[in-house]
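Before any comments, here is the structure.
The values are calculated or read from the model by the stated rules, or taken from the named source; none is laboratory data. Fair warning: this is a prediction, and the values are worked out from it, not measured in the lab. Here the Cβ positions follow ideal geometry from the backbone for every residue, glycine too, while neighbour counts run over all protein chains shown. Heavy atoms of the whole protein, side chains included, go into the accessibility calculation; ligands, DNA and RNA do not. Shrake-Rupley method; radii C 1.70, N 1.55, O 1.52, S 1.80 Å.
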Amino acid sequence: MLDADAMDVAMTKKLLEEYDLGVTLSLGLSAEEDFSSGTPESREIGEAKLKKVVSMGAELGVTHVCGILYSALQKYNEPASAAGLQQSVDVLGSVCELAKANDIMIGLEVVNRYETNIANTAAQGVELCKMIGASNVKVHLDTYHMNIEEDDAKLAIIETGDYLGYFHIGESHRGYLGSGSIDFDSIFRGLAKANYTGPITFESFSSEVVNEQLSNTLGIWRNLWTDSSDLCEHALQYMRAHVRSAAALEAFNVPLSDSFS
Ligand code: MN
């Protein structure tokens, strides 16, 4: 929803029904919409944008609106200010109220240091949720970012516990699952141990199919795939197999390795 005006809500709704698909809306704020800057102008623009996205989500029947909703999706050259952070908390409190009236959960995506200066770790995400204090605001974790920032991704998932509301599965280079360096056995054990029952979404990028603005912001300079159907089919099988393996290990009480027991 970087460009919310580009979505034809009625047509999208019709297609979702036709193909029996669920939908989640996600976005990161633009520099202009970035109310974490603390300016009144950005608050006006950013709050209106998020409320518009939540309203579009309500029309589509979404259950979750996710992403970098507390700052811009960009590299910052200085830390967030206390006043800016407070403004983000205030705006999100108000956005959560609108979302709650429409049975929508707000997921704050924790991303790496090059994409925000506010929430880089799961623990910071939980802290942000506590500051906002709404019952429908949750932490949204992503293995690609966790691989950069967390000491122990599995432990971070377990410690996030009930605050975990949305989960992105992405490889270390954002290509085919299993072809990078992330230990997905451990990630799925963490999700099982945390009794996580929310959505698990595969995320991968190639400039072949991704919106040019987003592709450039994320630094997709080399494409690891071109066939999106093959990529998705593989990811779904891979994730289902891992969910089943992790559930079996939990059922037989197989201990988690090393740092957690
Ligand atoms: Mn993500």
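Within the stretch 191-236, can you find the residues that are assigned to a helix (DSSP H, G or I), free of Cβ contacts under 8 Å to residues at least 40 places away in the same chain and either out of contact with any strand residue (DSSP E or B) (no Cβ under 9 Å at 6 or more places or on another chain) or aliphatic (A, V, I, L, M) (or both)? Answer for the stretch 191-236, where residues must be assigned to a helix (DSSP H, G or I), free of Cβ contacts under 8 Å to residues at least 40 places away in the same chain and either out of contact with any strand residue (DSSP E or B) (no Cβ under 9 Å at 6 or more places or on another chain) or aliphatic (A, V, I, L, M) (or both): E212, S215, N216, S228, S229, D230, E233, L236.
Okay, residues lined up against (1) at pLDDT below 95; (2) of a type in the set (A, V, I, L, M, F, W, C); (3) more than 24 Å from S135 (Cα to Cα):
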position: A10; (1), (2), (3): no, yes, yes
position: L21; (1), (2), (3): yes, yes, yes
position: L69; (1), (2), (3): no, yes, no
position: P79; (1), (2), (3): no, no, yes
position: G84; (1), (2), (3): no, no, no
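Of note, L155 does not satisfy the criterion of being within 16 Å of the ligand (Cβ to nearest atom) and of a type in the set (A, V, I, L, M, F, W, C).
Under the condition of being open to solvent by 50 Å² or more (accessible area, probe 1.4 Å) and of a type in the set (G, A, S), which residue from the stretch 10-43 is farthest from V110 (Cα to Cα)? If we take residues in the stretch 10-43 being open to solvent by 50 Å² or more (accessible area, probe 1.4 Å) and of a type in the set (G, A, S), then A10 is farthest from V110 (Cα to Cα).
Of all residues assigned to the stretch 2-9, at least one qualifies as being open to solvent by 60 Å² or more (accessible area, probe 1.4 Å) and in contact (Cβ under 8 Å) with a residue 60 or more places away in the chain.
Residues that are among the polar types (S, T, N, Q) and open to solvent by 10 Å² or more (accessible area, probe 1.4 Å) within the stretch 156-182 comprise S172, S179, S181, listed in sequence order. Only a single item in (1) out of contact with any Asp or Glu (no Cβ under 9 Å at 6 or more places or on another chain); (2) of a type in the set (A, V, I, L, M); (3) within 16 Å of L69 (Cβ to Cβ) is not met by V126, and it is number (1).
Scan the stretch 120-143 for residues that are in contact with a strand residue (DSSP E or B) (Cβ under 7 Å, 6 or more places away or on another chain) and within 14 Å of the ligand (Cβ to nearest atom) and jot them down. Residues satisfying the conditions are A122, G125, V139, H140, L141, D142, T143.
Cβ-Cβ contacts under 6 Å between residues 6 or more apart (or on different chains), taken from a first residue in the stretch 142-153 that is in contact (Cβ under 8 Å) with a residue 24 or more places away in the chain and within 16 Å of T116 (Cβ to Cβ) to a second residue that is within 10 Å of the ligand (Cβ to nearest atom) and not in a loop (DSSP other than H, G, I, E, B), are listed as D142/H168. Being of a type in the set (S, T, N, Q) and in a helix (DSSP H, G or I) is the filter; apply it to the stretch 237-260 and report the residue that is least open to solvent (accessible area, probe 1.4 Å). So the residue we want is S245.
Could you go through the stretch 141-153 and let me know if any residue there is within 21 Å of A82 (Cα to Cα) and out of contact with any Gly (no Cβ under 9 Å at 6 or more places or on another chain). Looking for residues that are within 21 Å of A82 (Cα to Cα) and out of contact with any Gly (no Cβ under 9 Å at 6 or more places or on another chain), one finds none in the stretch 141-153, hence no.
The set of residues in the stretch 97-155 that are among the small types (G, A, S), within 21 Å of I187 (Cβ to Cβ) and surrounded by 18 or more Cβ atoms within 10 Å (Cβ to Cβ) comprises G107, A119, A122, G125, A153. Evaluation of G46 against the conditions (1) open to solvent by 60 Å² or more (accessible area, probe 1.4 Å); (2) assigned to a helix (DSSP H, G or I) shows that the sole unmet condition is (1).
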